[in-house]
Amino acid sequence: MIERDGIPQYSIKAIIPETAKLIKMLDSNTMDLVENFPIDLTENIHLMRRGSFSRSGATNKSSDDYLSIVTPHISMSVDNCLLPVHTKKDGEIIYIRSGSDWIGTFLPDGRMVISVSRLP
């Protein structure tokens, strides 16, 4: 069916960029630098370092300067992540990087699509 009809629009593969485009984007320096925390990347994706904030009746706290990513689906702290944080929205995909380390790829509703520690 995929060969005949193509990739269905409901498939995550339909919105992930082609490999060449993805590699070019990951190697570029065009990502936005996050200069102030906490920050709402979308209504459902929040980045923070030391401090706390409340969303949807829940309070999230961090007692250190490491990057924390909070969504309705996950709450994760990225250990030893003190480097500058960069983000990029490409269509429906949101990329988060710390230094040269790739933290994750998310949908606007906060679902993590890809979690990677580092890409060449």
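Volume per residue, Å³, of the convex hull around the alpha-carbon atoms of region 5-98?
Cα-based convex hull of region 5-98, divided per residue, equals 114 Å³.
Enclosing the Cα atoms of region 34-80 in their convex hull gives a volume equal to 67 cubic angstrom per residue. When Rg and the Kirkwood radius Rh are both evaluated on Cα atoms of region 49-112, their ratio Rg/Rh stands at 0.96.
Let's see if you can work this out: charge +1 on each Lys and Arg Cβ, -1 on each Asp and Glu Cβ, no other charges. What is the dipole magnitude of region 1-107 about its Cα centre, in debye to the nearest 20?
Approximately 100 debye in magnitude.
Annotation note: trypsin sites (Lys or Arg not before Pro) in region 5-105 located in DSSP loop regions with a Cβ neighbour count of at most 13 within 10 Å are Arg50.
When the chain is modelled as a GNM with alpha-carbon springs shorter than 10 Å, which of Ser98, Ser77, Ser54 fluctuates the most? Largest GNM mean-square fluctuation: Ser54. Here the sum of -39500 (n - 2.57) over DSSP H runs of 4 or more residues, divided by the residues of the chain, equals -2500 deg cm²/dmol at 222 nm, to the nearest 500.
Take region 1-74 with all the other protein chains still there, run a 1.4 Å probe, and you get 73 Å² of accessible area per residue.
Relative contact order of region 1-116, taken over Cα pairs closer than 8 Å and 6 or more residues apart, is 19 percent. Under 22 Å of direct C-alpha separation, and excluding same-chain neighbours fewer than eight residues apart, Lys88 reaches these lysines: Lys13, Lys21, Lys24.
Apolar share of the accessible surface for the chain: 50 percent from carbon plus sulfur atoms, 1.4 Å probe.
How do Thr30, Thr42 rank by accessible surface area computed with a 1.4 Å probe, from largest to smallest? Intermediate values should be presented prior to the final figure.
Working: Thr30 80, Thr42 25 Å².
Largest accessible area first, the residues go Thr30, Thr42.
The values are calculated or read from the model by the stated rules, or taken from the named source; none is laboratory data. Computed from a predicted model, the values in this text were never measured in an experiment. As a convention, Cβ positions derive from the backbone with ideal geometry for all residues, glycine included, and neighbour counts pool all protein chains shown. These accessible areas exclude ligands, DNA and RNA; they are computed on the full protein's heavy atoms, side chains included. Shrake-Rupley method; radii C 1.70, N 1.55, O 1.52, S 1.80 Å.
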